[in-house]
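Right, one structure below, let's go through it.
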Amino acid sequence: MAIFNDNEDTTGLIKLAKVTLWTILIVGSVLILKFFGNLIKPLVVALIIWYLIRILRNLFYGIRIGRFRLPRWFRTLLSLVIILGILYSIISIIVLNIEQIANQVEQYEARQDSILETTARYLGLEHLSAELKDLPSSKELRPYLNGLLNSLTSALGSIFIIVIYLIFILIEEFIFTRKLDIIYKNNEQFEDIKYIINTMNNSIKRYISVKTLASLLTAVLSYIALLLLGVDFPLLWAFIIFVFNFIPYVGSFIATFLPSIFAVLQFNSLTQFIWVFLSVQFCQTLVANGIEPKIMGRSLNLSPLVVLITLAIWGTIWGVLGMIISVPVTSILVIVLAQFKGTRNIAIMLSETGNVENMVVPERETKDTTPAHLQFWKYLKK
């Protein structure tokens with residue numbers, strides 16, 4: 001009986017130790033991400049750009065000069081220059097647009113008061129007119145615009161750090177497989193590690209490539225719609241739509257709502273809000289429900305509830321960037337958890353379908369090292 005109690009105590013202590021270890025690991029990771037975010041964020045952006053470089057590099061593989069294909073280093077350099085050039089140009093244009101909005105903010109304030117009074121009368125809420133006038137005015141909005149300008153300017157400055165990270169990531173890319181080969185001299189171990197890495201890589205690469213294409217298509221269609229409706233700064237709103245489209249569920253609504261509110265201030269009419277909202281929402285719905293699912297399918301296999309929870313957690317830690325990376329990071333976590341029997345149930349709970357078998361390293365048949373004459377004797381005994 002004493003032995004039985006000792007075993008129960010030992011089992012309880014092991015479970016307590018596991019819970020404590022997981023708690024320390026989770027809390028420690030959150031604190032590191034929160035307090036060292038300024039150092040880690042450029043690395044995360046560099047990794048995203050690296051994936052885009054790989055996608056472009058593969059597209060350039062089909063280009064030939066005579067009988068020769070473009071060398072890999074040249075395709076990598078060309079992809080890097082194109083992506084960084086596009087990012088720098090877009091951020092520069094966005095900064096210019098925000099400066100123009102800041103200069104015209106007094107005009108928008110006058111229209112804001114008029115629209116609020118009209119809306120209050122229409123809804124029979126005239127008694128709230130005084131409270132509505134206490135909403136943020138141009139004097140209060142200007143600091144927010146200046147803060148946004150400072151953030152974008154610092155983003156331009158961060159490009160240098162991102163490029164440094166990118167250079168080292170690209171260098172490491174060429175020797176990473178060789179390092180794994182040295183660490184895992186056992187071929188089976190190496191194949192298992194390579195399978196896990198390829199599973200994560202294929203999942204994330206597919207998500208980033210499809211999501212980027214879908215976001216770009218949504219942004220282009222929205223830009224055309226806003227241009228036809230006469231909304232000012234359509235490129236700014238198209239860029240915002242492109243970025244927020246990476247955020248699941250809530251991102252598309254925010255991206256649709258922002259230009260719609262601006263249209264009210266620009267035209268001094270609630271009708272324009274409806275037109276802009278419906279037009280941009282139509283573009284979002286067309287791509288999100290008509291095109292994107294056919295290309296992406298169920299490649300990530302994540303529960304919608306889990307996506308929402310991780311979205312809230314990462315948004316609290318890193319803001320917009322955290323919400324953008326929440327889905328691929330959670331996908332990597334599920335793939336890693338699926339590899340171990342002790343954590344596979346967690347991976348099943350986090351998945352959408354409950355099936356994680358395609359993520360797990362397939363079991364190999366163990367080779368029978370018994371000498372041939374003994375194998376023959378075993379066969380006869382059967």
#### Entry: Table column - 3J(HN,Hα) (Hz), the range 50-57, Karplus curve with 6.51, -1.76, 1.60, x for Gly and Pro
4, 5, 5, 4, 4, 5, 5, 4
### Query
What net charge do the residues around Trp318 carry, taking every other residue with its C-beta under 13 Å from that of Trp318, with Lys and Arg at +1 and Asp and Glu at -1?
+2
### Task
Please list, in chain and number order, the residues 5+ apart from Ser303 or on another chain whose amide H is under 5 Å from its amide H, with Hs placed from the backbone.
Ser351, Glu352
### Task
Convert each backbone phi in the range 300-310 into a coupling constant with the Karplus relation 6.51 cos²θ - 1.76 cosθ + 1.60 (shift: θ = phi - 60°), then list the ³J(HN,Hα) values in order as whole Hz, x for Gly and Pro.
8, 6, 10, 5, x, 5, 5, 4, 5, 5, 5
### Task
Calculate, in nm to one decimal, what Leu235 and Ser269 gain on full extension: separation in residues at 0.36 nm each, minus their alpha carbon distance.
10.1 nm
### Message
At R0 = 51 Å, how high is the FRET efficiency between Ile63 and Phe253 if r is their beta carbon distance? Nearest 0.05 is fine.
### Response
0.80
#### Entry: Amide hydrogen neighbours beyond the local backbone of Phe246, cut-off 5 Å, H modeled
none
### For a label point 7 Å along the Cα-to-beta-carbon line of Thr316, residues of the range 21-55 with backbone N under 12 Å
27, 30-31
## Note on the structure
Full extension between Leu77 and Leu25 adds, at 0.36 nm per residue less the Cα distance, a length in nm of 14.9 nm
### Summary
Exposure-ranked with fewest Cβ neighbours within 10 Å first, Ile197, Ile247, Ile65 stand as Ile65, Ile197, Ile247
### Hz values of 3J(HN,Hα) by residue in the range 83-100 - Karplus curve (6.51, -1.76, 1.60), Gly and Pro given as x
5, 5, x, 5, 4, 5, 5, 5, 5, 4, 5, 5, 4, 4, 5, 5, 4, 5
### Label-to-label distance, nm, for residues given as Ser89 and Lys18 (7 Å Cα→Cβ offset)
5.5 nm
### Query
Relative contact order for the range 189-295 using alpha-carbon pairs under 8 Å, separation at least 6, rounded to a whole percent?
28 percent
### Query
With the dipole of the range 189-295 worked out from charges on the C-beta (+1 for Lys and Arg, -1 for Asp and Glu) around the Cα centre, which of Gly290, Ser252, Gln266 lies farthest toward the positive end?
Gly290
### Message
At a 10 angstrom cut-off on C-beta neighbours, averaged per residue, how do the peptides 36-43, 208-215, 256-263 rank from highest to lowest?
### Response
256-263, 208-215, 36-43
### the range 300-363, relative contact order [Cα under 8 Å, separation at least 6], %
34 percent
### Query
If we count other beta carbons within 10 Å of each Cβ, what is the order of Phe60, Phe273, fewest first?
Phe60, Phe273
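Every number here is computed from the coordinates shown, using simple stated rules; none is lab data. Not measured: the values here are computed from a predicted model. Glycine gets a Cβ as well: all are built from the backbone with ideal geometry, and neighbour counts include every protein chain shown.
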